[in-house]
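These notes concern the structure reproduced below.
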């Protein structure tokens, strides 16, 4: 597949609509129907197909909008980032395969990396030359990093790393791991945490895929047995890397996947259109129950759009983002999970004689229902988000 | 109003249906339509009207079924109690005005009272000669009795009582207060709690009604200023009365108001019938949203019936009741509160030109919606019920 | 009043002071205080005697009224003043010489109108008529009150036979008024919810059980966090509804309105629950907010609005 | 087997041992083990080779299968054995010589049937036909699998052109079978939910965060308490549905069935959530229960059942 990447990038200053119009036009003209989940031609894209598509998006000015030009970005603002995300959301395109690099590793390297590291890593992330995976969670340490055990010990200017990570998404395809370790012992609690950019082909790394509920192997356990990396793989000083990561994570939680409500809306449209495409199924849409549920979901989608647009306005105005990423994540995961269950209930009644669109929707939303079980879990379980809101936004006393 | 109380009470041994059939027949024949909330003739009954009706029910064998004959009861079992409750529930009759006596004071006196106290109090409770109110809660002590402050000090064979109670329902009409005090100080925590049967006309008692959300004055604060009662007013020894009360409360939570799901069903019928009575409103019932919600509510009602019938079967089989009253209370209060909100939403659309039945329903369910706000609060807030289930039924470790 | 440096929060603060000042006063005195502070003319152009602000300023101002539990037809006054700006009656309303209520259901043609509040004290009542609306002399119609939801500030039904029309609104003007009504009532509801949330938070912080404040309990904290989430969502949704998208297209207000009303009911009901027995009394004023928001809910039939959002989505998909 | 002293729990315990024994075995071996322990004939009369128990015994037995995540058409075998008791095929099913699946939607007349599981291994498939049903030779029809919900135990669609009928059920017999199916599938779902709840409870008790087991957290404890409440409600509702009322009248099963399915989905989904990332993996078997209960849910269209309950209530009120 070749894409039209020889396209002029608009100057956002020309008009408020310029960047969104560009994104809309380019995406609609270029996204192959085989990569649109709402198309009857849909075929699960390969890693390379996803890679090529994402690289083309980047070349077309639709990724790296807010990154500095010297590292391959376009030096624009969150407003263009949002405008592009709205159009990304509106099309049922594949999830990004480079998101760990773009949303997590990149910003952290930007915050604490050396100039060499920035030059080395950042442009390749945007150009989809390198995939990253995230090595934070461990079997015994989720949100509670006090129990983190993976250890990095300095040896003759190198670091020897031993330990185990889990829930490492994309580890099978990753070129680098953004790895969190500790330099001391568990008794040090939150002290001595150190981050690395570890090449995944380093000797001693073993990746064991975890089959997830939707049948895919998108997560893995990663074992580090006497993995030795040079000091140049270190991101920041002990504690510095992780405290930067915490700042970055809190910003990222508010700014990543901004397309969510627009994608959510595209999914609801796909569901409804599938039912409209079949005369028998279309009758269901005359039932007040489905009308009202769809109305409720549309209400939630608009609420989520509001939260995200407000966050961009406030951040563009220089306001600290604080913990408000938790609001977006919580609202999205709860409403979307409920939507997935509702959509599943609808498609579970689709018969094999139904229209091709309906059968496509049945397959899509059955998987979506299963996958949505994880939405209240990953990127901070709902209870953690609620605790963050209670503590950092409402300033309620801490739970014991 | 006079009722036909010269009626033969059936022997439950004759047939499984005997008692329920008797209750059904008598209640339907005798309940005046002016006391039926689903009747267009409905008029809020006076205290005396309620009293007379409840006395007649008792005379007809429909109250005191499980109390011993020597104290005015009928010496029957929980099965007849349940059978009668099903028929009480099926008619939209007024809530009992003697329930504190019948459900709380009576059983506690039966458990710890002297023979004289039993003879003195119990028959009068059933015969509606005495009303009781409950004096447990205090402004600073709800579920947490450690902070209970009302104090009883022994003085020359009498007891001098000082303190304040709150949420005392029916205090304005009560003849006696089932009063919980402490003999020592707050430092004694759960020790030294002592119960009394205090005549409400004793010098030093002041009742201040609390206007509740539904505009009624069904609760009150009760102040005890140097109230002196004889030792004969004491119910059990220090600690004995309250530990009996805890046992009784746990049984009562499982056995009182067993009519709830059947009443709940009667309310749902009233709501639906009101809409059916008006051609314009009847159209709403063709909306799949209302059909499905009503189906869901009917499902919950049957689940609650199941929980209650199962509890009666198990208790009749001699099984300890444990904490299962919390299951019934929680399930009822949450599903009924949601129903009340749903019903309110329906009736809020009734226009002044609607049928008389619809206008009656509008009034009834508007008040019911407001009153239902209390259902998750009184008799143990939902969170307390959940904690009880977690701790006493699931044996999970205690929350801090 | 086109100074860009004035932020909505500043106006909200000033409005809050006026509303606090009006508290406990008679209807006429409240009218005087609120008029004096310019509140009826918030969204009326300066040349027509108003403050010349747009709806994005109206939202926080009305929200403060919800938060402070103002029981007065402020939104109705703002709406009618805005719809009749430039006419004498509009000016009289901005100035507080006249007051107007609005009956949200029924019509002049049907001969009755319902779901109006504050009718007894108002000079005028706005009622649908044809595709537009008619402002009626309140004294020319027969008024019945329905106190079942709120005995203090009941809902009213009006019999309109022989009612005298003093002004009319075109279909377009009435549609605009209804759009603004959903924005401002949504803001009032969001403010009412926020006020309930704040009350619950301070009650929970002060209430000790088993040695710790109730607000340290996870069940309480999570409920409070949900309240906060929904409050933020309501405000963000309302501000979004009145803003144009990147292409300059106007947005619909129904989802933001329905969201705000639903969120507010949830929050106030939960706040009552968290207050325990106290929440259930007449003294603690949470029930006032519940009644006020439920009156808006009934007037606009929020459930029906949600259904119509669904139908519109289905039609467009 | 009419000894009154034997309680349902005893049978459930024995069934549990047999099911545990069958775990990990092939379809044919499972069939042999379950047949040997009499499980296909639980609700078949003794004189027809069954255990002669009533449905109140069937509930805890099937619930154990749900709890232990038996992935085998036990309910289908019990139902067809009961419906064809006294016939050769019924006896063959009780004895485990033959096996039957059931397709819950479609019909012989429509030419296809859907929402069947375990079809690939079964000798027969029961399909609606006219007012009753027909038991078909599975090999005589064309079978398509739909693995989207469950790749291991997919849902099947059958094309029925030229399918060979080996036995038929009258309308009455099919109605009885469907009643029993809702009871037993409800019990299976309740058991699956209970199993998920138990797994979550032990996971939470063993998982320490910030120095305390997660099960000490109020949010966790309250979720667990709701699971327990709904589990009890499901069982109580099912037992109630099969018992006569005081007047000897039979009850409908739909509310108990819909309640049990809805409760079970809630419980399993929450149990997955409480397991965190682990709940989302293929290794932890919670997802098996979710798929199994969702297959029942889809086969009977629980949402449609709830709607029909509502319509019936409205018609009767």
(message) residue B:336 - would you say it is modelled with pLDDT of 95 or more, in the same structural domain as residue B:267 (by TED's automatic domain parsing), buried (at least 21 other Cβ atoms within 10 Å of the Cβ) and closer than 26 Å to residue B:136 by Cβ?
(response) yes
(request) Confirm whether residue C:304 is within 13 Å of chain A (Cβ to nearest Cβ), under 24 Å from residue B:352 (Cβ atoms) and not in a loop (DSSP other than H, G, I, E, B). (result) yes
(request) Might you check whether a residue that is more than 30 Å from residue B:318 (Cα to Cα), more than 13 Å from chain D (Cβ to nearest Cβ) and over 18 Å from the mean Cα position of the chain (by Cα) occurs anywhere in region B:55-77? (result) yes
(message) So, residue A:308, is that one under 24 Å from residue D:265 (Cβ atoms) and buried (at least 24 other Cβ atoms within 10 Å of the Cβ) or not?
(response) no
(request) Go through region A:32-150 and tell me which helices (runs of 4 or more DSSP H), entirely inside it, have 3 or more residues that are in contact with a strand residue (DSSP E or B) (Cβ under 8 Å, 6 or more places away or on another chain), under 23 Å from residue A:163 (Cβ atoms) and in contact (Cβ under 8 Å) with a residue 40 or more places away in the chain. (result) A:106-112
(request) Return yes when residue C:242 is in contact (Cβ under 8 Å) with a residue 24 or more places away in the chain, under 30 Å from residue C:209 (Cβ atoms) and within 14 Å of chain A (Cβ to nearest Cβ) and no when it is not. (result) no
(request) Return the only residue of A:377, A:350, A:389 being within 18 Å of residue C:224 (Cα to Cα), assigned by TED's automatic domain parsing to the domain that holds residue A:293 and crowded, with 20+ Cβ neighbours inside 10 Å. (result) A:389
(request) Kindly indicate whether any position in region C:74-93 is in a loop (DSSP other than H, G, I, E, B), more than 18 Å from residue C:179 (Cβ to Cβ) and within 19 Å of the chain's Cα centre (by Cα). (result) no
(message) Given the criteria at pLDDT 95 or above and assigned to a loop (DSSP other than H, G, I, E, B), does residue C:96 qualify?
(response) yes
(message) The conditions are (1) more than 26 Å from residue A:368 (Cα to Cα); (2) part of a strand (DSSP E or B), and residue D:115 fails exactly one of them. Which is it?
(response) (1)
(message) Please pick out the residue among D:267, D:314, D:261 that is at the interface with chain B (Cβ under 8 Å from one of its Cβ atoms), assigned to a helix (DSSP H, G or I) and either under 30 Å from residue D:214 (Cβ atoms) or in contact with a helix residue (DSSP H, G or I) (Cβ under 7 Å, 6 or more places away or on another chain) (or both).
(response) D:314
(request) Spot the failing condition for residue D:54; the list is (1) more than 28 Å from residue A:351 (Cβ to Cβ); (2) surrounded by 20 or more Cβ atoms within 10 Å (Cβ to Cβ), and only one is missed. (result) (2)
(message) Taking the criterion of being surrounded by fewer than 21 Cβ atoms within 10 Å (Cβ to Cβ), assigned to a helix (DSSP H, G or I) and within 10 Å of chain A (Cβ to nearest Cβ), would at least one residue in region C:202-213 satisfy it?
(response) yes
(request) Read through the list (1) over 23 Å from the mean Cα position of the chain (by Cα); (2) within 14 Å of chain D (Cβ to nearest Cβ); (3) surrounded by fewer than 22 Cβ atoms within 10 Å (Cβ to Cβ), then give the number of the only condition that residue A:148 fails. (result) (3)
(request) Run residue C:295 past the list (1) touching a strand residue (DSSP E or B) at 6+ places or on another chain (Cβ under 7 Å); (2) within 9 Å of chain A (Cβ to nearest Cβ) and report the number of the one that doesn't hold. (result) (2)
(message) Quick check on this structure: which one of A:10, A:68, A:45, A:94 is in contact with a helix residue (DSSP H, G or I) (Cβ under 7 Å, 6 or more places away or on another chain) and over 29 Å from residue A:268 (Cα atoms)?
(response) A:10
(message) Can you list residue pairs whose Cβ atoms sit under 7 Å apart, with the first residue in region D:278-289 being without any contact (Cβ under 8 Å) to a residue 12 or more places away in the chain and the second being crowded, with 23+ Cβ neighbours inside 10 Å and not in a loop (DSSP other than H, G, I, E, B)? Count only pairs 6 or more apart in sequence or on different chains.
(response) D:279/D:271; D:279/D:272; D:279/D:286; D:280/D:272
(message) Looking at D:158, D:149, D:184 in this structure, which one is more than 30 Å from residue D:270 (Cβ to Cβ) and either touching a helix residue (DSSP H, G or I) at 6+ places or on another chain (Cβ under 8 Å) or within 14 Å of chain A (Cβ to nearest Cβ) (or both)?
(response) D:158
(message) When you check residue A:327 against the structure, is it in contact with a helix residue (DSSP H, G or I) (Cβ under 7 Å, 6 or more places away or on another chain), buried (at least 19 other Cβ atoms within 10 Å of the Cβ) and within 30 Å of residue D:296 (Cα to Cα), yes or no?
(response) no
(message) Considering only region D:245-254, I want to know if a residue exists there that is within 13 Å of chain B (Cβ to nearest Cβ), modelled with pLDDT of 95 or more and either in a helix (DSSP H, G or I) or closer than 20 Å to residue B:327 by Cβ (or both).
(response) yes
(request) Considering every residue within region A:178-195, establish whether at least one is buried (at least 19 other Cβ atoms within 10 Å of the Cβ), within 14 Å of another protein chain (Cβ to nearest Cβ) and at pLDDT 90 or above. (result) no
(request) Tally the residues that are surrounded by 17 or more Cβ atoms within 10 Å (Cβ to Cβ) and not in a loop (DSSP other than H, G, I, E, B), restricting the search to region B:3-29. (result) 8
(message) For region C:279-292, give me each residue that is more than 9 Å from every other protein chain (Cβ to nearest Cβ) and either assigned to a helix (DSSP H, G or I) or touching a strand residue (DSSP E or B) at 6+ places or on another chain (Cβ under 7 Å) (or both).
(response) C:288, C:289, C:292
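The values are calculated or read from the model by the stated rules, or taken from the named source; none is laboratory data. These numbers come from a predicted model, not from an experiment. Cβ sites come from the backbone with ideal geometry, for glycine too, and all protein chains shown count toward neighbours.
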